[in-house]
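To start, the structure itself, in structure tokens.
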Amino acid sequence: MNENNKKKLTHWADQTAEKIIRTRGDLDIYTCASGITPSGTVHIGNFREIISVDLVVRALRARGKKVRFIYSWDDYDVFRKVPKNMPKQDLLKSYLRFPITMVPDVTDRDKSYARHNEVDVESTLPAVGIFPEYLYQADRYRKNLYAEGIKIALDKREKIKECLNYYRDDSHKMKADEEYWPTAVFCSKCHKDTTEMVSYDGEYGLTYKCSDCGNEETIDIRTSPDVKLGWRVDWPMRWKAENTIFEPAGKDHHSQGGSFDTAKLVAKDVYGVEPPETFQYDFIGLKGLPGKMSSSSGNVINLEQVLKVYQPEVVRYMFAGTRPNTEFNISFDLDVIKTYEDYDKMERIVFGEQKAKNENVFEKQKRIWELSQVSENKEEMPSVISYQIPFRHMCNLLQANSGDIEAVIAELKDIKQEQLDRFKTRCKCAWYWITECAPEEFKFQLQDPNSPDFKKAEITNEGLACIKKLYTEVIPHMDEVDEKTFNTSLYSVAEDCGVESKQLFTMCYRILVAKEKGPRLANFMKLIGRQKLSALFEKYI
């Protein structure tokens, strides 16, 4: 292995890609899979699996491999529970036990409840550079694409029973005389899965009876649109059908003796294939929001909502910069500032504007930065660093300009054309965070002396003397001095007027933002500018 390859292996996605190639050999195509049941809003925790696969896919492609990235919508699963965040709860309850794809979209936007949740994801993933091939399992089952896979499961149901029992203790094992069926059927009359298997003819005939409506019939699994496999068998059956060589899973599925371990046994002993390479990914927490995310309960934040606060590169960075088996929080509080600062530091290292501790750190930061970009094509990655001002300062600029991004840009004389789009996106995210998420003490609105709602702040007589001195002697010359000198002049005014500096600062904040506190005053007044300050302070002269 040459030195360049060693450097590339600093990132976990590259390490996983190398393991896949080493284990599976040189293949014409490497199929990497992800998927979920669209039982409710697909939350940001689910997104961790999607982007984890995407990062490995990119690492494989970087090694010249042809990759098929499939994302399965398990929309032929049963609708078991009505999420609390959905409207028309009674209507949805009437469809419990139906396949999700038959549940109506209560917003009337899409053709079904399942499709609504799918569209929300499919329309958002391109924003972060993810473009999988979507497989719709309801459609595939109804087209009988898995008929032979179902027949194998029926023929070998005793072997599957052994696989399911393998990791169970004696109290949870299926008994030797207990009949096991790997199939489920949606009743052709009432469409519910309230069915029991009655018999199998050893070929393609399967007889079931519905306990809800009493319907009993024999179906041909080659032509019936109503039969499917239970998920512990469905999963390995599709590994074979799709020739999957990589698929990660959450730590709930990856627990010892859990569903992934069982599926591996079924893959080998029933379908005669090697299970895919894998790794475990951990949960995502939400800073300040209680409870574990769950699509079925409705307590969720999805990718679209995260993208309102974090620009796409920073969203990718949070996942690319964290090992999959490490739990981390996505914050909507003041930690948003730190996340942006961490991303900017990485970018400064990559573009040589800040020195890394050593060469290994540089290589790792560079690889994380590459994987954080929306495009995986190096020719389409930014050729210049983002325009960097501290995120907190950007927020102050936006608030001083009432969210007017163009006004903020007009104040930045050195911003380059190639930096504008990324800067505007960050400004939009920052403004959303300020108005919707930031703690109240962080927010402010610059007072408008020309507004009909303008009210003068209460200022003492001695305070008015300070304000007049600032207006006549300091503000007119503020552009001629740097921030440090300007800050010293503020303290001098307080001393000359015989008031505490803290008292003067409080009066200024009342005049500027109608609050007792605010951003660092000298810096804040500088970014507001002489013209706006003069117009405000003039009201008190």
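The values are calculated or read from the model by the stated rules, or taken from the named source; none is laboratory data. Predicted, not measured: the structure shown is a model, and the values here were computed from it. A quick note on method: Cβ atoms are made from the backbone with ideal geometry, for glycine too, and the neighbour counts reach across all protein chains shown.
A few comments on the model shown:
- Conditions (1) outside the structural domain of Lys65 (by TED's automatic domain parsing); (2) surrounded by 14 or more Cβ atoms within 10 Å (Cβ to Cβ): number failed by Arg238: (1)
- If you go through the stretch 334-352 and keep only what is surrounded by fewer than 17 Cβ atoms within 10 Å (Cβ to Cβ) and over 15 Å from Ser386 (Cα atoms), you end up with Leu334, Asp335, Lys338.
- Count of residues meeting criterion [of a type in the set (Phe, Trp, Tyr) and in contact (Cβ under 8 Å) with a residue 60 or more places away in the chain] in the stretch 455-494: 1
- Residue, farthest from Ile541 (Cα to Cα), within the stretch 439-493, restricted to residues that are in contact with a helix residue (DSSP H, G or I) (Cβ under 6 Å, 6 or more places away or on another chain) and β-branched (Val, Ile, Thr): Val493
- Considering (1) touching a Pro at 6+ places or on another chain (Cβ under 9 Å); (2) surrounded by fewer than 22 Cβ atoms within 10 Å (Cβ to Cβ), the lone condition that Trp231 does not fulfil carries the number (1).
Residue by residue, here is whether (1) among the polar types (S, T, N, Q); (2) over 24 Å from Pro312 (Cα atoms); (3) in a loop (DSSP other than H, G, I, E, B) holds:
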| site | (1), (2), (3) |
| --- | --- |
| Asp26 | no, yes, yes |
| Ser34 | yes, no, no |
| Ser39 | yes, yes, yes |
| Ile51 | no, no, no |
| Arg58 | no, no, no |
| Arg61 | no, no, no |
| Asp75 | no, yes, yes |
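- Hits in the stretch 166-206 - residues which are more than 16 Å from Ala153 (Cβ to Cβ) and touching a strand residue (DSSP E or B) at 6+ places or on another chain (Cβ under 9 Å): Phe186, Cys187, Ser188, Lys189, Cys190, His191, Lys192, Asp193, Thr194, Thr195, Glu196, Val198
- Checked against (1) free of Cβ contacts under 8 Å to residues at least 40 places away in the same chain; (2) within 30 Å of Glu411 (Cβ to Cβ), Glu379 passes all but a single condition, namely (2).
- Residue ranges of strands (runs of 3 or more DSSP E) in the stretch 170-278 with at least 3 members over 34 Å from the mean Cα position of the chain (by Cα) and over 19 Å from Arg80 (Cβ atoms): 195-200, 205-210, 216-220
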